[in-house]
1. Does residue 124 satisfy the condition of being at pLDDT 90 or above, surrounded by 17 or more Cβ atoms within 10 Å (Cβ to Cβ) and either polar (S, T, N, Q) or under 30 Å from residue 181 (Cβ atoms) (or both)?
2. Would you pick out the residues in the range 9-23 that are surrounded by fewer than 11 Cβ atoms within 10 Å (Cβ to Cβ) and in contact (Cβ under 8 Å) with a residue 12 or more places away in the chain?
3. Restricting to the range 72-92, give me the number of residues that are farther than 30 Å from residue 30 by Cβ and either touching a strand residue (DSSP E or B) at 6+ places or on another chain (Cβ under 8 Å) or outside any loop (DSSP other than H, G, I, E, B) (or both).
4. Are any residues in the range 94-123 touching a residue at least 12 places away in the same chain (Cβ under 8 Å) and either assigned to a strand (DSSP E or B) or among the basic types (Lys, Arg) (or both), and if so, which ones?
5. Can you work out which of the residues in the range 158-182 that are assigned to a loop (DSSP other than H, G, I, E, B) and out of contact with any Leu (no Cβ under 6 Å at 6 or more places or on another chain) is surrounded by the most Cβ atoms within 10 Å (Cβ to Cβ)?
6. Give the residue, chosen from 185, 217, that is at pLDDT 85 or above and either in a loop (DSSP other than H, G, I, E, B) or touching a strand residue (DSSP E or B) at 6+ places or on another chain (Cβ under 9 Å) (or both).
7. Could you list, ordered by first residue, the pairs with Cβ atoms under 7 Å in which the first is in the range 146-157 and among the β-branched types (Val, Ile, Thr) and the second is part of a helix (DSSP H, G or I), at least 6 apart or interchain?
8. Return the residue satisfying two criteria in turn: it lies in the range 140-157 and is assigned to a loop (DSSP other than H, G, I, E, B) and of a type in the set (Asp, Glu), and of such residues it is nearest to the chain's Cα centre (by Cα).
Amino acid sequence: MERHTLGDVDIYGISPVGAIPYEALTPDKDRKNVVLLHGAIQKGGKGGAGTVVLSRLTGRGIDYLALGHYHSHTAAPLDERGLYAYAGTPAGRGFDETGDCGVLILDTDDLSRPPVFRSVGARRVEIVEADLTGAVALTDVEDAVRRAVAPLSEESIVRVVLTGALPPEAPRRDTVYLDGLLRDRFYHCETVDKTRLLLDPASYEGSVSLKGEFIRRVKASALAEDARDAVIAAGLSALRGEEIPL
């Protein structure tokens, strides 16, 4: 455990990350104390490498416990004197780190004040849904996607998730084409098709047609439901003479 003094503030931390030597943390309660630790918090217990036991840090005169591990912003009281917080990540680096990212600004003149969150990321990572329910033409798909991304900044990194239940005759969701539709608008954009197939098997049971036979065979196969839906959608596109991206 190391201590560094900056004016009337003592800053404690440990490196490299490992099991925390709690007994070595002895802040002067008459000074302002900031402690930096890394790990997943747990309320009690002995803890170990990769964990921070909050109950072993209470009553020690800590004003601010700055934690690293989780990439989202969280703050809560540590004890009657101090609080602990995860600042999160300064900028989103993937689609598991969406929305506002930034830092926490601490006022060391008055550590009783809660830290202030400040967004510093040049770009936000965003995931939006485009509901295609009721789409009957490619223009309907395009319009739904444009509505979903309309509020977003041009500097955003965007994933558009296509949702909704669509009949077999609905327009094909060409994610490569949709990516190209938005490529020049955002720093990065990608499209993921999560639509479901709206299909009534009973309507094809007595159908004496290639389409009916195809759907019955796929429905009777051992494929998982989402795979069956994908095969049916691709097969019906082929029967309509459309090109199927593989």
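The values are calculated or read from the model by the stated rules, or taken from the named source; none is laboratory data. If you're wondering where the values come from, they're calculated on a predicted model, not measured in any experiment. Positions of Cβ are generated from backbone atoms using ideal geometry, with glycine treated the same way; all protein chains shown enter the neighbour counts.
1. It is true that residue 124 is at pLDDT 90 or above, surrounded by 17 or more Cβ atoms within 10 Å (Cβ to Cβ) and either polar (S, T, N, Q) or under 30 Å from residue 181 (Cβ atoms) (or both).
2. Within the range 9-23, 15, 21 qualify.
3. So the answer is 5.
4. Of everything in the range 94-123, those that are touching a residue at least 12 places away in the same chain (Cβ under 8 Å) and either assigned to a strand (DSSP E or B) or among the basic types (Lys, Arg) (or both) turn out to be 99, 102, 103, 104, 105, 116, 117, 118, 119, 123.
5. 170
6. The unique qualifying residue is 185.
7. If the second residue must be part of a helix (DSSP H, G or I), the pairs left are 149/182.
8. 155
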